[in-house]
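**Student:** Once you've had a glance at the structure underneath, I'll fire off some questions.
The values are calculated or read from the model by the stated rules, or taken from the named source; none is laboratory data. All figures in this text were calculated on a predicted structure; none of them were measured in a lab. A quick note on method: Cβ atoms are made from the backbone with ideal geometry, for glycine too, and the neighbour counts reach across all protein chains shown. We work out accessible area using only protein heavy atoms, side chains counted, and drop any ligands, DNA or RNA first. Shrake-Rupley method; radii C 1.70, N 1.55, O 1.52, S 1.80 Å.
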Amino acid sequence: RLALVTGGEIASSFDSPELLKLGACDTVEEVIIGEDRMVKFGGAAAGQACTVVLRGGTGQMLDEAERSIHDAIAVLSQTIAEPRIVYGGGCSEMLMSKAVDDAAKLVPGKKSIAMEAFAKALRQMPTILADNAGLDSADLVARLRAAHYDGKSTSGLDLFEGDVIDVVGKVTESFKLKRQVLLSASEAAEMILRVDDIIRCAPRQRRN
């Protein structure tokens with residue numbers, strides 16, 4: 001990574017140093033973070049690059065922070081590759097839930113029950129968002145659902161203020177990520193439904 005940002009090449013030997021491409025940067029300094037000494041390269045020749053240093057009280061906290069940053073960078077990279085976005089804050093899930101509910105009313109038989117269950121599962125996403133933010137999910141999701149059935153199709157949750165707002169230009173999510181989440185959840189549900197029997201091994205006999 002250092003060779004990439006400085007514009008240099010990795011040399012396995014120094015037999016022909018004149019043929020190597022040397023990297024460059026503006027500053028090289030040693031910094032102390034906590035009890036660790038690190039070498040900091042500033043002003044890299046090949047554009048902007050950075051190193052994220054995480055500090056926390058416990059290993060579990062650091063692991064959680066690392067996973068959060070990794071997920072955020074992964075979503076950002078996927079958004080650059082696929083620039084299409086959807087409205088966030090539970091707006092997309094509520095729209096899909098309403099569409100499935102409306103379609104279920106036109107389907108006879110037991111299929112409509114399965115469709116209603118799928119619509120209910122979609123409404124769990126804004127519920128989980130509100131719960132994770134420490135808000136009253138029952139009240140917020142009920143208001144969000146009422147707003148969508150009232151024709152306000154761009155309504156979503158504002159988790160900072162604990163309110164239902166118009167999310168246009170405020171809360172967005174990656175289209176590719178949202179599609180993959182729906183596909184993975186649907187495939188997992190189908191796989192569970194196909195299980196018609198569970199075989200348990202008999203407990204191992206203990207010998208005296």
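**Student:** Regarding region 83-90, can at least one residue be identified that is part of a helix (DSSP H, G or I) and not charged (D, E, K, R)?
**Tutor:** In the first step, residues of region 83-90 are kept if they are part of a helix (DSSP H, G or I); the result is none.
No, region 83-90 has no match at all.
**Student:** Within region 25-37, restricting attention to residues that are open to solvent by 70 Å² or more (accessible area, probe 1.4 Å) and without any contact (Cβ under 8 Å) to a residue 12 or more places away in the chain, which residue is nearest to A3 (Cα to Cα)?
**Tutor:** Of everything passing the filter in region 25-37, E30 is nearest to A3 (Cα to Cα).
**Student:** For region 78-95, which positions are under 25 Å from A147 (Cβ atoms) and open to solvent by 60 Å² or more (accessible area, probe 1.4 Å)?
**Tutor:** Initially, region 78-95 is screened for residues under 25 Å from A147 (Cβ atoms), giving 84-95.
R84, I85, Y87, L95, listed by residue number.
**Student:** Enumerate the pairs (first residue in region 158-185 and farther than 12 Å from E82 by Cβ; second residue anywhere and charged (D, E, K, R) and open to solvent by 70 Å² or more (accessible area, probe 1.4 Å)) with beta-carbon separation below 9 Å, excluding pairs fewer than 6 apart on the same chain, so at least 6 apart or on different chains.
**Tutor:** D158/K170; G162/D136; D163/R143; V164/R143; V164/K152; D166/K152
**Student:** Would you mind listing the strands (runs of 3 or more DSSP E) fully within region 98-194 where at least 3 residues are modelled with pLDDT of 90 or more and either open to solvent by 70 Å² or more (accessible area, probe 1.4 Å) or in contact with a strand residue (DSSP E or B) (Cβ under 7 Å, 6 or more places away or on another chain) (or both)? Full working, then the answer.
**Tutor:** On the way: elements: 155-158, 163-166, 172-174.
Of the strands (runs of 3 or more DSSP E) lying wholly inside region 98-194, those with at least 3 residues that are modelled with pLDDT of 90 or more and either open to solvent by 70 Å² or more (accessible area, probe 1.4 Å) or in contact with a strand residue (DSSP E or B) (Cβ under 7 Å, 6 or more places away or on another chain) (or both) span 155-158, 163-166.
**Student:** Out of (1) among the β-branched types (V, I, T); (2) at pLDDT 90 or above; (3) open to solvent by 40 Å² or more (accessible area, probe 1.4 Å), what's the single condition that is false for I198?
**Tutor:** The failed condition is (2).
**Student:** For region 37-82: of the residues being farther than 29 Å from L140 by Cα, of a type in the set (K, R) and not in a loop (DSSP other than H, G, I, E, B), which is modelled with the lowest pLDDT?
**Tutor:** K40
**Student:** Ok, one more. Could you tell me which residue of region 131-157 is nearest to L76 (Cα to Cα), considering only residues that are in contact (Cβ under 8 Å) with a residue 40 or more places away in the chain and among the hydrophobic types (A, V, I, L, M, F, W, C)?
**Tutor:** Out of the qualifying residues, it is L157.
**Student:** Could you list, ordered by first residue, the pairs with Cβ atoms under 6 Å in which the first is in region 1-19 and within 16 Å of V39 (Cβ to Cβ) and the second is open to solvent by 100 Å² or more (accessible area, probe 1.4 Å) and of a type outside the set (V, I, T), at least 6 apart or interchain?
**Tutor:** Cβ pairs passing all conditions: G8/K21; G8/L22.
**Student:** Looking at this structure, is D26 over 31 Å from the mean Cα position of the chain (by Cα), at pLDDT below 85 and in a strand (DSSP E or B)?
**Tutor:** Numbers: over 31 Å from the mean Cα position of the chain (by Cα): yes; at pLDDT below 85: yes; in a strand (DSSP E or B): yes.
So D26 fits the description; yes.
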